[in-house]
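The values are calculated or read from the model by the stated rules, or taken from the named source; none is laboratory data. What you see is a predicted model; the values in this text were computed from it and never measured. Backbone-built Cβ (ideal geometry, glycine too); neighbour counts: all protein chains shown. Heavy atoms of the whole protein, side chains included, go into the accessibility calculation; ligands, DNA and RNA do not. Shrake-Rupley method; radii C 1.70, N 1.55, O 1.52, S 1.80 Å.
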Amino acid sequence: MARQENVAPTIELLLKVFLPFAGGYYLSYLYRTVNAIIAPDLVREFALAPDDLGLLTSSYFLAFALFQLPLGILLDRYGPRRVNAGLLMLAGTGAALFGLSHSMGGLVLARALIGLGVSGCLMSSMKVFTLWFPLSRLATLNGWLLSCGGLGALSATVPAEELLRVTDWHTVFVLLAALTFAAAGAIFLIVPERNAPRVPQSLLESLRSLPIIVRNANFWRLGSLVIAGQGVFMSLQSLWIAPWLKDVVGLARADIGRNLLMAAAGMIVGAALWGGVADRLSRLGVDTVKVVLGGVGASMMVLALLALGLKSGTLGLMFALTLFSQVQPLVYAILSKEFPLELSGRVISTLNFLVFLSAFAVQWGTGLIINLWPVEAGRYAKAGYGTAFGACLALLLVPYVLLLLSRRAGVPRQ
């Protein structure tokens with residue numbers, strides 16, 4: 001069936017293709033952020049020190065990152081339907097093991113398995129959209145997909161907190177496992193198969209293009225900003241903001257849930273907002289890099305307030321932090337134009353690998369810093385949070401300043 005380029009997607013295709021893949025991406029973001037709301041239960045049940053909590057939650061990011069390079073090869077060779085369904089079966093197994101685990105080691109292994117299992121949700125969705133939908137509609141569909149991710153983050157806030165009032169986190173993860181198995185089944189059984197002309201590459205052949213990417217100076221000038229920025233953002237949103245709200249601000253779980261809800265809302269609004277803002281300003285002659293610098297600058301000011309332990313207006317701070325952090329993905333589009341079309345996918349997967357590796361390091365590193373102070377009355381020390389969040393700010397400030405200096409010096413684009 002030839003793909004029509006200028007017609008709207010049919011309801012049948014949206015139900016059979018978009019909805020199953022969007023459901024998988026929804027679950028991937030729910031898994032990414034749910035540990036923030038259950039962190040107090042994990043700390044209490046397993047007597048976790050801050051570094052233990054950081055390692056446990058960040059193992060998701062490590063497994064996710066390590067699978068990015070072979071993922072593209074598997075998608076080309078076996079197609080998004082088979083690959084994503086198979087990976088989600090692993091995620092469901094990981095969720096079941098997480099819910100049934102009674103040791104730190106079991107939790108880390110299960111969390112890593114979840115990260116591996118959802119590592120293909122975004123790229124496989126975008127791949128399948130190119131097979132079934134008009135090219136002119138891909139931007140809209142990708143926007144809808146990212147909004148589904150935001151809904152997943154939102155579900156890990158007040159709705160998860162309400163569910164924890166009637167059951168425990170063990171049962172929640174068993175339920176999530178059942179939903180994940182259902183999502184895998186829907187993708188495999190409902191999504192029709194469609195083969196595309198392709199020339200599969202081996203991992204070695206794919207790796208041969210990496211020197212071209214890593215030798216490009218603009219990849220590092222711009223990429224370093226998003227590697228640091230997204231590492232900090234994902235580390236905070238998926239874990240450390242919730243304990244900070246409990247230990248520093250002194251909020252109860254219900255109020256923490258409302259704050260995390262505002263963070264998820266900021267993420268959804270930001271994901272929908274910044275692309276349009278950048279496109280409109282570009283037509284007026286404003287460089288997209290300036291938009292990125294403005295948004296990152298605003299997010300650093302919010303991060304500075306968190307490091308200082310500001311206790312008032314946290315709802316607005318949560319919304320602003322995620323709203324301005326969502327400007328960073330614009331760098332993906334900027335960098336894609338720096339390379340030949342045939343390398344664009346590998347540029348994105350390489351950057352994605354470094355971003356999630358950064359998230360793992362920042363999330364665990366934050367716990368290591370907080371662990372330098374003693375735990376008092378079941379709370380991690382305010383000074384530990386201040387130092388750790390200050391280190392996150394410094395990590396983001398370095399590439400930000402270097403990018404500013406290179407632009408003022410008129411460094412040529414390569």
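Quick look at the numbers
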| quantity | calculated |
| --- | --- |
| Paramagnetic label zone (point 7 Å from Cα along Cα-to-C-beta, residue 372; backbone N under 15 Å) in region 30-59 | 50-51 |
| Percent carbon-and-sulfur accessible area, the chain, ignoring ligands, DNA and RNA, probe 1.4 Å | 68 |
| Anchor residue 290: lysines whose Cα lies under 29 Å away (excluding residues fewer than 8 positions away in-chain) | 337 |
| Relative contact order of the chain, pairs being alpha-carbon contacts under 8 Å that are 6 or more residues apart, as % | 26 |
| Structure-based [θ]222 nm, the chain - -39500 (n - 2.57) summed over DSSP H runs of at least 4, per residue, nearest 500 | -25000 deg cm²/dmol |
| Under 17 Å from the Cα of residue 382 - lysines, other chains or at least 8 residues apart | 246, 311 |
| Additional length obtainable on full extension of the chain from residue 255 to residue 131, 0.36 nm per residue less Cα span | 40.3 nm |
| ³J(HN,Hα) computed for each position of region 173-181 - Karplus, 6.51 cos²θ - 1.76 cosθ + 1.60, integer Hz, glycine/proline x | 6, 5, 5, 4, 4, 4, 4, 5, 4 |
| Cα-projected label distance for residue 379 with residue 272, points at 7 Å along beta-carbon direction, nm | 3.7 |
| Environment charge at residue 188 (Cβ cut-off 11 Å; Lys +1, Arg +1, Asp -1, Glu -1) | +1 |
| Relative contact order %, region 81-180, counting alpha carbon pairs below 8 Å whose residues are six or more apart | 42 |
| Additional length obtainable on full extension of the chain from residue 405 to residue 287, 0.36 nm per residue less Cα span | 40.9 nm |
| Residue 163 paired with residue 208, simple spin-label distance in nm, labels 7 Å along Cα-to-beta-carbon | 4.7 |
| Extension reserve of the residue 391-residue 49 stretch, reckoned as 0.36 nm per residue once the Cα distance is removed | 121.2 nm |
| Separation between Cα centres of region 230-278 and region 309-328, rounded to whole Å | 7 |
| Among 210-222, 298-310, 226-238, the order from most to least packed when residues are scored by Cβ within 10 Å on average | 226-238, 298-310, 210-222 |
| Label corresponding to percent of Cα pairs over 43 Å apart when calculated from the structure given, among (i) 14; (ii) 9; (iii) 45 | (ii) |
| Among 110-119, 162-171, 177-186, 378-387, the order from most to least packed when residues are scored by Cβ within 10 Å on average | 110-119, 177-186, 378-387, 162-171 |
| Reachable aspartates and glutamates, given that their alpha-carbon falls under 15 Å from the alpha-carbon of residue 16 and they are not under 8 places away in the same chain | 193 |
| Per-pair calculated FRET efficiency, R0 = 35 Å: residue 310 and residue 217 via Cβ, rounded to 0.05 | 0.40 |
